[in-house]
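Below: the structure, in structure tokens.
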Amino acid sequence: MINIDSKYIDKSFSYTEFRQFVTDALTNDKASLELSDDYLAYAELNEARLHRLDKTMKVEEEVANKLISLKKKYTWIVITECWCGDAAQIVPILNKMAEVAPNIEMRLVLRDKNLELMDAFLTNGGRAIPKMIIVEQDTLKVLGHWGPRPALGQKVVTDYKAAHGVVDEAGKVELQKWYTKDKGHEVQKEVIELMTSFE
């Protein structure tokens with residue numbers, strides 16, 4: 001496995017810093033986000049989602065207990081962007097999980113400003129996000145990675161594409177409905193399985 005260059009952590013955001021950065025940009029300086037009108041609309045939609053999920057998302061008790069009992073120290077480097085619908089649903093869950101775990105620090109990096117890092121963790125050849133890279137905190141050795149969405153969420157996309165030939169706006173709505181119904185369960189289940197495998 002590779003080691004992560006510390007420069008990515010040095011220029012990363014905490015979750016709170018990322019949220020503040022995006023909120024400030026959307027409120028005061030939309031041009032600083034360097035987004036097309038379509039992507040800006042997604043970012044604004046996601047801002048509302050994030051606001052809601054930050055308030056309502058809960059870590060399941062069994063998952064919390066496992067997170068608390070992790071013995072090694074980890075850094076989660078999460079590659080994300082404010083316009084990504086999957087990230088808006090998943091990153092708040094990862095944040096809540098990291099907050100519960102005394103031995104996990106989560107850092108966010110922007111995909112489009114860190115393409116070299118992104119290109120080391122492609123999904124089927126694509127720059128799919130969010131992508132969480134799990135590293136040992138002291139050595140920055142990569143232990144594994146997860147993303148861009150849980151297997152059951154991916155099945156929603158795959159099934160829709162098989163039926164319609166493309167994932168259009170209606171397909172994206174189907175996926176968002178699945179996330180809302182799932183309430184973060186599958187993300188928590190998959191991530192905690194991965195984390196306990198490193199112990």
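The values are calculated or read from the model by the stated rules, or taken from the named source; none is laboratory data. These numbers were taken from a predicted model, which means no experiment stands behind them. Reconstructed Cβ throughout: ideal geometry from the backbone, glycine too, with neighbour counts over all protein chains shown. With ligands, DNA and RNA removed, areas are computed over all heavy atoms of the protein, side chains included. Shrake-Rupley method; radii C 1.70, N 1.55, O 1.52, S 1.80 Å.
Here is a yes/no grid of residues against (1) farther than 22 Å from residue 81 by Cα; (2) among the aromatic types (Phe, Trp, Tyr); (3) open to solvent by 70 Å² or more (accessible area, probe 1.4 Å):
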site	(1), (2), (3)
127	no, no, yes
130	no, no, no
136	yes, no, no
139	yes, no, no
143	yes, no, no
147	no, no, no
160	yes, yes, no
164	yes, no, yes
168	no, no, no
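Scanning the range 2-39 for residues that are farther than 15 Å from residue 105 by Cβ, assigned to a helix (DSSP H, G or I) and charged (D, E, K, R) yields 7, 19, 24, 30, 37, 38. Is it the case, given these coordinates, that residue 77 is in contact (Cβ under 8 Å) with a residue 40 or more places away in the chain, in contact with a Gly (Cβ under 7 Å, 6 or more places away or on another chain) and either assigned to a strand (DSSP E or B) or more than 23 Å from residue 30 (Cβ to Cβ) (or both)? For residue 77, the condition - in contact (Cβ under 8 Å) with a residue 40 or more places away in the chain, in contact with a Gly (Cβ under 7 Å, 6 or more places away or on another chain) and either assigned to a strand (DSSP E or B) or more than 23 Å from residue 30 (Cβ to Cβ) (or both) - is not met.
Of the residues making up the range 80-100, those that are assigned to a loop (DSSP other than H, G, I, E, B) and farther than 24 Å from residue 140 by Cβ number 3.
Of all the listed residues (63, 109), the sole one being more than 24 Å from residue 21 (Cα to Cα) and at pLDDT 95 or above is 63.
Please indicate, with yes or no, whether at least one residue in the range 15-23 is closer than 21 Å to residue 85 by Cβ and of a type in the set (Val, Ile, Thr). Yes, the range 15-23 has at least one match.
In a residue-by-residue description of the range 72-79, the property of being at pLDDT 95 or above and open to solvent by 20 Å² or more (accessible area, probe 1.4 Å) applies to at least one position.
Check whether at least one residue in the range 174-182 is closer than 18 Å to residue 94 by Cβ, more than 13 Å from the chain's Cα centre (by Cα) and among the basic types (Lys, Arg), and report yes or no. No, the range 174-182 contains no residue that is closer than 18 Å to residue 94 by Cβ, more than 13 Å from the chain's Cα centre (by Cα) and among the basic types (Lys, Arg). Screening residue 52 against (1) under 14 Å from the mean Cα position of the chain (by Cα); (2) modelled with pLDDT under 95 leaves a single unmet condition, (1).
Checking residue 55 against (1) surrounded by 14 or more Cβ atoms within 10 Å (Cβ to Cβ); (2) closer than 17 Å to residue 20 by Cβ; (3) of a type in the set (D, E, K, R), which test does it fail? Every condition holds for residue 55 apart from (1). With respect to residue 199, is the statement that it is of a type in the set (Asp, Glu), in contact (Cβ under 8 Å) with a residue 12 or more places away in the chain, open to solvent by 70 Å² or more (accessible area, probe 1.4 Å) and farther than 24 Å from residue 109 by Cβ true? So residue 199 fits the description; yes. Residue 147 falls short of the stated requirement of being small (Gly, Ala, Ser) and on the phi < 0 side of the Ramachandran plot.
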